[in-house]
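Have a look at the structure below before the remarks.
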Amino acid sequence: MKLKIDRPLVCGPDCTIGQLLVDGMEECFVLEDEVREIPGKPVSDWKIAGKTAIPKGTYNVGITYSNRFKRDLPILDDVPGFTGVRIHPGNTSEDTEGCILVGRGKTDRTVTESRIAFNALFEKIKKALDDGDMVSLEIA
């Protein structure tokens, strides 16, 4: 399964809203922290901890137990300069610390109906992994 985030549809002073595709089909909106990436510069030159979107790239996605959220959640592997990057429910930039929030709708600074969007996406990711498929996420 191939997930892809197209950035940005909306970009504010503290958040970035984009579109998530699953195998080329529109799935939901995403909210991330502000994109601060400076191409060609190391992450340490532009990252502000807890307030920065992850770098563009392609990442493998798995599912592991989150101690913070007390449940299984998708996690991105090997994100340069970041650890514990997850896909989870939430609505505003205050709900993410470098993670990816999903929602069925959006405003200029939020995603809406996050739990509904998350549950649908989580089931697709879980089924793909249970079926032995690789799941990857490309951030463009």
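The values are calculated or read from the model by the stated rules, or taken from the named source; none is laboratory data. Small disclaimer: the values here were computed from a predicted structure and weren't measured. Counting neighbours? That spans all protein chains shown, and the Cβs are built from the backbone with ideal geometry, glycine included. Heads up: the accessible areas ignore ligands, DNA and RNA and are worked out on the full protein's heavy atoms, side chains in. Shrake-Rupley method; radii C 1.70, N 1.55, O 1.52, S 1.80 Å.
Select from region 82-109 the residues that are more than 22 Å from Ala49 (Cβ to Cβ), at pLDDT 95 or above and out of contact with any Phe, Trp or Tyr (no Cβ under 6 Å at 6 or more places or on another chain) and list them in ascending order.
Arg104, Gly105
How many of the residues in region 58-95 are open to solvent by 60 Å² or more (accessible area, probe 1.4 Å) and either aliphatic (A, V, I, L, M) or under 20 Å from Glu27 (Cα atoms) (or both)?
Total satisfying the criteria: 3.
Quick one: how many residues across region 7-53 are of a type in the set (D, E, K, R), within 14 Å of the chain's Cα centre (by Cα) and under 18 Å from Val135 (Cβ atoms)? Even if it seems obvious, please write down each step before you answer.
Residues of region 7-53 of a type in the set (D, E, K, R): 7, 14, 23, 26-27, 32-34, 36-37, 41, 45, 47, 51.
Still in the running and within 14 Å of the chain's Cα centre (by Cα): 7, 27, 32-34, 51.
Within this subset, residues satisfying the condition of being under 18 Å from Val135 (Cβ atoms) are 27.
So the answer is 1.
Taking region 30-55, which residues are touching a Leu at 6+ places or on another chain (Cβ under 8 Å) and open to solvent by 40 Å² or more (accessible area, probe 1.4 Å)? Let's see the steps before the verdict.
As a first pass, look at region 30-55 and keep what is touching a Leu at 6+ places or on another chain (Cβ under 8 Å): 30-32, 54.
Listed by number, the list is empty, since nothing qualifies.
Determine whether Val79 is in contact with a Leu (Cβ under 8 Å, 6 or more places away or on another chain) and either at pLDDT 95 or above or not basic (Lys, Arg) (or both). Write out each step before concluding.
Numbers: in contact with a Leu (Cβ under 8 Å, 6 or more places away or on another chain): no; either at pLDDT 95 or above or not basic (Lys, Arg) (or both): yes.
So Val79 does not fit the description; no.
Keeping to region 96-118, report how many residues are without any contact (Cβ under 8 Å) to a residue 40 or more places away in the chain, of a type outside the set (A, V, I, L, M, F, W, C), open to solvent by less than 80 Å² (accessible area, probe 1.4 Å) and farther than 13 Å from Thr16 by Cα.
Total meeting the criteria: 2.
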